[in-house]
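Undergrad: Take this structure, written in structure tokens, and hold onto it; I'll ask about it next.
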Amino acid sequence: MTGPLISTDDLERDLRNPDLRILDASWHLDGTNARKAFEAARIPKARFFDLDAVSDQDSSLPHMLPSPEAFAASMGALGIRESDDIVVYDAQGLFSAARAWWMLRVMGAERVRVLDGGLPAWRAEGRLLQTGPMTRPRPTQFHARLKPEAVVDQAQVAKALSDPAFRVLDARPGPRFAGCAKEPRPGLKAGHMPGAANLPFKVLLTDDGHLQPRDQLAAAFRDAGLQEGQTALTTCGSGVTAAVLSLALAVLGRDSRLYDGSWAEWGAEDRWPVVTGDAGPQPR
């Protein structure tokens, strides 16, 4: 395996690989029923990764990492082992698949790739699709080993905002970062963390949902102020699109850490400072 992405050509060639496990990790902010869409059309061999169900069910925050034990149980029920060759995709090209990729990596899976272009690319190229309910996979064991260094909390982010060794990158759209657009979740303040830089995740994508070429990815991070030697802390609304930034950094061979609570946590509490303005780079 070379890098965190796989092309549609390579995935189609690998479909007969007995170690291959494909996960449809589609999730929609507008509430679209991703499981129903999965049953209407999916890549052959795909299993449905329910982002809401796999997240921490005891947290009031959306999409928080579950415990290693809970994650292992969810993956085991899907027939996924940490040693499998895992490919993740979503129905939007590149959106929630990055979050599933990140979760699997954080929990110890090493061979995880995201399908570049996702289901739209697969469908546009006329490749085979399956329909109907998913056949229940044979359960197995996933041995989860949490990598705590890949995750940061509020206190760590607050400290990093004034530490030149770090650069906090916010993947939300520019108007939300600037505080001139309301947050989609009620009760959250508008704006951003003081010292954070805006890098909307769509800046990193082509119009058809592929990651931009490496040189354009590198330029986007430079424009957002990420310097050589700095560690990026990625954040967004609820930890989903922050993972797109983390994926792009992995393509560039750079490590990052993800703020799991993201703005759903930071923007809900009065003790954390919020500023407005300076939207930063915008989608091309």
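Undergrad: How many residues are without any contact (Cβ under 8 Å) to a residue 60 or more places away in the chain and surrounded by 19 or more Cβ atoms within 10 Å (Cβ to Cβ) if we restrict to region 51-65?
TA: Residues that pass the stated criteria total 2.
Undergrad: Also, I was wondering about something else. Please work out which one of (1) charged (D, E, K, R); (2) without any contact (Cβ under 8 Å) to a residue 24 or more places away in the chain; (3) assigned to a loop (DSSP other than H, G, I, E, B) is the condition Glu110 fails and give its number.
TA: Only one criterion is unmet by Glu110, namely (2).
Undergrad: Can you tell me how many residues in region 133-153 are modelled with pLDDT of 95 or more and touching a helix residue (DSSP H, G or I) at 6+ places or on another chain (Cβ under 6 Å)?
TA: 8
Undergrad: Is it the case that region 25-38 has a residue that's in contact (Cβ under 8 Å) with a residue 40 or more places away in the chain, surrounded by fewer than 20 Cβ atoms within 10 Å (Cβ to Cβ) and within 11 Å of Val87 (Cβ to Cβ)?
TA: Checking region 25-38: not a single residue is in contact (Cβ under 8 Å) with a residue 40 or more places away in the chain, surrounded by fewer than 20 Cβ atoms within 10 Å (Cβ to Cβ) and within 11 Å of Val87 (Cβ to Cβ).
Undergrad: For Gln92, state whether it is within 16 Å of Leu119 (Cβ to Cβ) and outside any helix (DSSP H, G or I). Break it down stepwise before answering.
TA: Details: within 16 Å of Leu119 (Cβ to Cβ): yes; outside any helix (DSSP H, G or I): yes.
So Gln92 fits the description; yes.
Undergrad: Can you tell me which residues in region 124-173 are among the hydrophobic types (A, V, I, L, M, F, W, C) and in a strand (DSSP E or B)? Before the answer, list the steps.
TA: Here is the first cut: in region 124-173, the ones among the hydrophobic types (A, V, I, L, M, F, W, C) are 124, 128-129, 134, 142, 144, 146, 150-152, 155, 157-158, 160-161, 165-166, 168-169, 171.
Correct list: Val151, Val152, Phe166, Val168, Leu169.
Undergrad: Evaluate the following for Ala197: is it at pLDDT 95 or above, under 22 Å from the mean Cα position of the chain (by Cα), more than 17 Å from Ala46 (Cβ to Cβ) and among the aliphatic types (A, V, I, L, M)?
TA: yes
Undergrad: Between a residue in region 77-102 that is within 13 Å of Val54 (Cα to Cα) and any residue that is at pLDDT below 95 and buried (at least 21 other Cβ atoms within 10 Å of the Cβ), which pairs come within a Cβ distance under 8 Å, given they are 6 or more apart or on different chains?
TA: From residues that are within 13 Å of Val54 (Cα to Cα), the pairs are Arg99/His63.
Undergrad: Tally time: how many residues in region 161-184 are buried (at least 22 other Cβ atoms within 10 Å of the Cβ) and more than 15 Å from Ala264 (Cα to Cα)?
TA: The total comes to 3.
Undergrad: For Arg257, only one of the following conditions fails: (1) more than 16 Å from Phe95 (Cα to Cα); (2) over 14 Å from the mean Cα position of the chain (by Cα). What is its number?
TA: Going through the list (1) more than 16 Å from Phe95 (Cα to Cα); (2) over 14 Å from the mean Cα position of the chain (by Cα), Arg257 breaks only (2).
Undergrad: Gly267 - would you say it is buried (at least 17 other Cβ atoms within 10 Å of the Cβ) and under 12 Å from the mean Cα position of the chain (by Cα)?
TA: Answer is no for this residue.
The values are calculated or read from the model by the stated rules, or taken from the named source; none is laboratory data. What you see is a predicted model; the values in this text were computed from it and never measured. Neighbour counts are summed over all protein chains in view; Cβ atoms, including those assigned to glycine, are modelled from backbone coordinates with ideal geometry.
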